[in-house]
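I have placed the structure first, in the form of structure tokens, so that the comments after it can refer back to it.
The values are calculated or read from the model by the stated rules, or taken from the named source; none is laboratory data. As the structure is a computational prediction, the values presented were derived from the model and not from experiment. No Cβ is skipped: glycine too gets one built from the backbone with ideal geometry, and neighbour counts run over all protein chains shown. Side chains included, ligands, DNA and RNA excluded: accessible areas come from the protein's heavy atoms. Shrake-Rupley method; radii C 1.70, N 1.55, O 1.52, S 1.80 Å.
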Amino acid sequence: MSLKGKTAVITGSNSGIGLGVAHELARAGADVVINSFTDTPEDHALADALAKSHAVSVRYIQADMSKPDQCRALIEQAGACDILVNNAGIQHVAPIDEFPIEKWDAIIAINLSSAFHTTAVALPMMRDAGWGRVINIASAHGLTASPFKSAYIAAKHGVVGLSKTTALETAREAITCNAICPGYVLTPLVEAQIPDTAKKYDMSEEEVTQKVILERQPSKEFATVEQIGGTAVFLCSDAAAQITGTTISVDGGWTAL
Ligand code: NAD
């Protein structure tokens, strides 16, 4: 399928799943805006490399997704937004009674509220264009819970709810909104959790990866960023035009348990 002529904005996309989604949407022909809160030569080089490998236009726009005005400015600066992928996310692991308040606030702001702000600005653009796709990267943790991840799980359940409401408000238009719910994908976000989890369970990092991290994932394999990107491309296809307000799990069977 071709997404030529469409512009995709992907939040938090200089790494991991966001970058993988950017690659797959660009491979399908979309022009792409990638984003993070940094503004380094590497960020712009990433945009140039993406443009070169897929022969599409790619811009890097700095915007901090913890700040409502910057979330909104990202979409305004993009100028067009046919496909919005709300992907930016962070994690912090601690029991509720020890959970730092500033970490709770940051996770809710970046993982949940940013999607509200970007969607609010993107929907009028999609309506003007007569077509749109909002794809929220939630998580298996948007459908199930685990201990010590209260803010992340609250935010991801919130993203699933926001996706349903967005779908209902756009149901009579050629706009859809869905949440992709990945299980574990080996990205910097997950890699960063391995040492702490290993310490908590008194295991080696290799053992904790197989026995604890992938314990919930029946396939015993990490999902890949290409698979998440491919799912996003599918949601942009005509075949997915009546898929709205739902979740698509890419989790090796986790939520079937
Ligand atoms: P990652 O750490 O590789 O990427 C996170 C991205 O968000 C980075 O590009 C980072 O720069 C960006 N980001 C962080 N704070 C930001 C801010 N304030 N403003 C703008 N950008 C910001 O992690 P990832 O694993 O690729 O995670 C991407 C998304 O996928 C997250 O929403 C995460 O919750 C979700 N997810 C990941 C997994 C997994 O196993 N990796 C599973 C389910 C869901």
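At most 13 other Cβ atoms within 10 Å plus a DSSP loop assignment makes a site exposed; report the longest stretch of the chain without any exposed trypsin sites (Lys or Arg not before Pro). Walk me through the numbers before you get to the answer.
Values: sites that count: Lys4, Arg172, Lys220.
Between the exposed loop sites, the longest stretch runs 5-171.
A 1.4 Å probe run over the protein chains yields, for the chain, 45 Å² of accessible area per residue, whole-number rounding. Across the stretch 84-178, Cα-Cα pairs more than 20 Å apart make up 38 percent of the total.
Taking all protein chains in place and a 1.4 Å probe, what share, in percent, of the accessible surface of the chain do carbon and sulfur account for? Working shown, then result.
Numbers: 6330 of 11560 Å².
The value for the chain is 55 percent carbon and sulfur by accessible area.
Looking at the stretch 131-250, the pairs of alpha carbons with a distance over 23 Å make up 36% of the total. To the nearest ten degrees, helix 41-54 and the longest principal axis of the Cα atoms of the chain are 60 degrees apart.
So how much slack lies between Asp39 and Arg172, counting 0.36 nm per residue of separation and subtracting their Cα-Cα distance, in nm? Don't skip to the end; give the middle numbers.
On the way: separation 133, 0.36 × 133 = 47.88 nm, distance 3.89 nm.
Here the segment from Asp39 to Arg172 would lengthen by 44.0 nm.
In terms of its Cα atoms, the stretch 1-73 spans 35, 23, 18 Å along the principal axes, sorted from long to short. For the chain, averaging the sequence separation of C-alpha pairs within contact (under 8 Å, six or more residues apart) and dividing by the residue count gives a relative contact order of 20 percent.
Rounded to the nearest 10 degrees, the angle from helix 68-78 to the longest Cα principal axis of the chain is 40 degrees. Shown in residue order for the stretch 177-185 are the 3J(HN,Hα) couplings computed by the Karplus curve 6.51 cos²θ - 1.76 cosθ + 1.60 at θ = phi - 60°: 9, 9, 10, 8, 10, x, x, 6, 10 Hz (x for Gly and Pro). Ellipsoid fit via the Cα gyration tensor, the stretch 175-246: semi-axes of 32, 10, 10 Å, each the root of five times an eigenvalue, largest first. The residue among Leu186, Trp254, Trp131 whose Cα reaches farthest toward the positive pole of the charge dipole of the chain, with charges on the beta-carbon of Lys, Arg, Asp and Glu, is Trp131.
Using only Cα coordinates, the Kirkwood hydrodynamic radius of the stretch 58-119 works out to 12.6 Å.
With n ≥ 4 as the cut-off for DSSP H runs, can you work out [θ] at 222 nm for the chain, using -39500 (n - 2.57) per run divided by the number of residues, rounded to the nearest 500? Don't skip to the end; give the middle numbers.
On the way: 10 runs with 109 residues, N = 257.
It comes out at -13000 deg cm²/dmol, rounded to the nearest 500.
What angle do you read, to the nearest 10 degrees and between 0 and 90, between the alpha-carbon axis of helix 16-27 and the longest principal axis of the chain? Long axis of 16-27 versus the principal axis of the chain: about 30 degrees. The stretch 135-177 and the stretch 17-92 have Cα centres spaced 20 Å apart.
Taking a point 7 angstrom from the Cα of Glu98 along the C-beta vector, which residues in the stretch 212-240 have backbone N less than 14 Å away? Output list for this probe position: empty.
So what's the convex hull volume per residue for the Cα atoms of the stretch 1-159, in Å³? Intermediate values should be presented prior to the final figure.
On the way: hull volume 17.1 nm³, N = 159.
Cα-based convex hull of the stretch 1-159, divided per residue, equals 108 Å³.
By the rule of a C-alpha distance below 27 Å, with chain neighbours fewer than 8 residues away ignored, the lysines paired with Lys52 are Lys4, Lys6.
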